[in-house]
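S.K.: Supplied in C-alpha cells, the structure appears directly below.
What follows draws every value from the coordinates through simple rules; no lab data is involved. The shown structure was predicted, so the numbers you read here are calculated from the model rather than taken from an experiment. Cβ placement follows ideal geometry from the backbone for every residue including glycine, while neighbour counts extend to all protein chains displayed.
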Amino acid sequence: MLTRLASRVASATVAGDGTWGAGMERAIEHLILGLRWLLLPLYFALLLALLAIYVVVGRELWHLGTEIAAISDIDLVVALCGVLDLVLIANLLVMVAVSSYESYISRIETAGEKPEWLGKLDSGNVKVKVAVSVAMISAIHLLRAFLHDESGDRLAVLAGVHVVFVLSTLAIALVDRTARHADEAQHG
C-alpha cells in the first residue's frame, strides 16, 4: 500500500509555473490518509494485552479459591479490588482500541448487534472515560492501601495523587462539555 502511495507522489504533475500541481497535492493527501493504517498494530497490541489480564485474573481467582476457607474478609476485599482494577483496565483497553479504530481508520459495520456506545465515542468522550477510569483505579489503590494498614505518609501520598486524578478528570470533563456546547451553538 505504501509503495502505491509513493508511486502516486512520484508521478504527480507539477504545473507549468513551477508550483505544486493538483496531482501532487492529491498524492500527498492520499499518503497522509494511508499512513493512518500504521495505527492498526498499536490497537492490536492493546487488545493482545487483554491476554495478560486474563492470566493475572485467573491467577488471582485460583489463589482465592485455594485459600477461601482461611482468608480474612479484608484480604477478600483487597483481592476483589485487584480483580476489579484489572477488569476496569481491560474495559479501558477495549474501549480505546475499538473507538480509536473507528475514529481514525474505518467505521465498523457489523451484521449482528452493535454495542450502543460504538459509533458514539469521539476523542473527547474517550478522554473523559479514560480519565474517569484512571480516577477509579486510583481510588481502588487507595482503598487497598487503607485496608492493608499502610503508613499514614503513604496514605497521604496516595490520597494526594487520587485528588489530582479526580481534579484532572473534572477539568477534562468541563473542557469537553464546554467545547460541545460551543460546537452546538456554532452549528445551530
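S.K.: Placing +1 on the Cβ of each Lys and Arg and -1 on the Cβ of each Asp and Glu in the chain, which of 87, 48, 141 has its Cα farthest towards the positive end of the resulting dipole?
M.R.: Final value for the positive-end residue is 48.
S.K.: Just to be sure I understand: with springs between alpha-carbon atoms less than 10 Å apart, which residue in 150, 102, 113 has the highest mean-square fluctuation in the Gaussian network model of the chain?
M.R.: Fluctuation is largest for 113.
S.K.: For each of 187, 162, count neighbouring Cβ atoms within 10 Å of the residue's Cβ, then give the residues from fewest to most.
M.R.: Values: 187 6, 162 20.
Fewest to most other Cβ atoms nearby, the residues stand as 187, 162.
S.K.: For segment 121-136, what does the Karplus curve 6.51 cos²θ - 1.76 cosθ + 1.60, with θ = phi - 60°, yield as ³J(HN,Hα) per residue in whole Hz, taken in order and with x for Gly and Pro?
M.R.: Couplings: 8, 9, 5, x, 4, 5, 4, 5, 5, 5, 4, 5, 4, 5, 5, 5 Hz.
S.K.: Determine ³J(HN,Hα), in whole Hz, for all residues of segment 156-171 in sequence, where each value follows from phi through the Karplus function 6.51 cos²θ - 1.76 cosθ + 1.60 and θ = phi - 60°; x replaces Gly and Pro.
M.R.: Calculated HN-Hα couplings, in order: 5, 5, 4, 5, x, 4, 4, 4, 4, 5, 5, 5, 5, 4, 4, 5 Hz.
S.K.: So how do 149, 122, 85 line up by other beta-carbon neighbours within 10 Å, fewest first? Mind dumping the intermediate values first?
M.R.: On the way: 149 8, 122 13, 85 21.
In order of increasing Cβ crowding within 10 Å: 149, 122, 85.
S.K.: Suppose the Debye formula is applied to equal point scatterers at every Cα of segment 17-116; what is log10 I(q)/I(0) at q = 0.21, 0.22 Å⁻¹?
M.R.: Evaluating at q = 0.21, 0.22 Å⁻¹ gives log10 I(q)/I(0) of -1.06, -1.10.
S.K.: Among 156, 173, 70, which residue has its Cα furthest toward the positive end of the charge dipole of the chain, with +1 on Lys/Arg Cβ and -1 on Asp/Glu Cβ?
M.R.: The one lying farthest along the dipole's positive direction is 173.
S.K.: Let me have the relative contact order for the chain, percent, based on Cα pairs under 8 Å that are six or more residues apart. It would help to have the intermediate numbers written out before the result.
M.R.: Details: 118 pairs, mean separation 31.4, N = 188.
Normalised by residue count, the contact order of the chain is 17 percent.
S.K.: Stretched out fully, how many nm does the piece from residue 163 to residue 181 gain, at 0.36 nm a residue minus the Cα gap? Each step should come with its number before you reach the end.
M.R.: Values: separation 18, 0.36 × 18 = 6.48 nm, distance 2.68 nm.
Stretched out fully, the residue 163 to residue 181 stretch lengthens by 3.8 nm.
S.K.: Over the Cα atoms of the chain, how large are the radius of gyration and the largest Cα-Cα distance (Dmax), in Å?
M.R.: Using the Cα atoms of the chain, the pair Rg, Dmax is 23.9, 85 Å.
S.K.: With label points built 7 Å along Cα→Cβ from the Cα atoms of residue 155 and residue 69, find their separation and express it in nm.
M.R.: 3.4
S.K.: Based on DSSP H runs of at least 4 residues, each adding -39500 (n - 2.57), what is the mean residue ellipticity at 222 nm of the chain after dividing by all its residues, to the nearest 500 deg cm²/dmol? Provide the component values of the computation, followed by the final result.
M.R.: Details: 6 runs with 143 residues, N = 188.
Taken over the chain, the calculation gives -27000 deg cm²/dmol.
S.K.: Continuing with this model, one more query. Considering only C-alpha atoms, what is the centroid distance from segment 24-94 to segment 127-188, in Å?
M.R.: Spelled out, the Cα-based centre of one part sits 19 Å from the other.
S.K.: While we're on this one: What ranking of 165, 44 emerges when the number of other C-beta atoms within 10 Å of each C-beta is taken as an exposure proxy, fewest first?
M.R.: Working: 165 19, 44 12.
Exposure proxy ranking, most exposed first: 44, 165.
S.K.: Stretched out fully, how many nm does the piece from residue 130 to residue 174 gain, at 0.36 nm a residue minus the Cα gap? It would help to have the intermediate numbers written out before the result.
M.R.: Values: separation 44, 0.36 × 44 = 15.84 nm, distance 1.44 nm.
Taking residue 130 through residue 174 to full extension adds about 14.4 nm, to one decimal.
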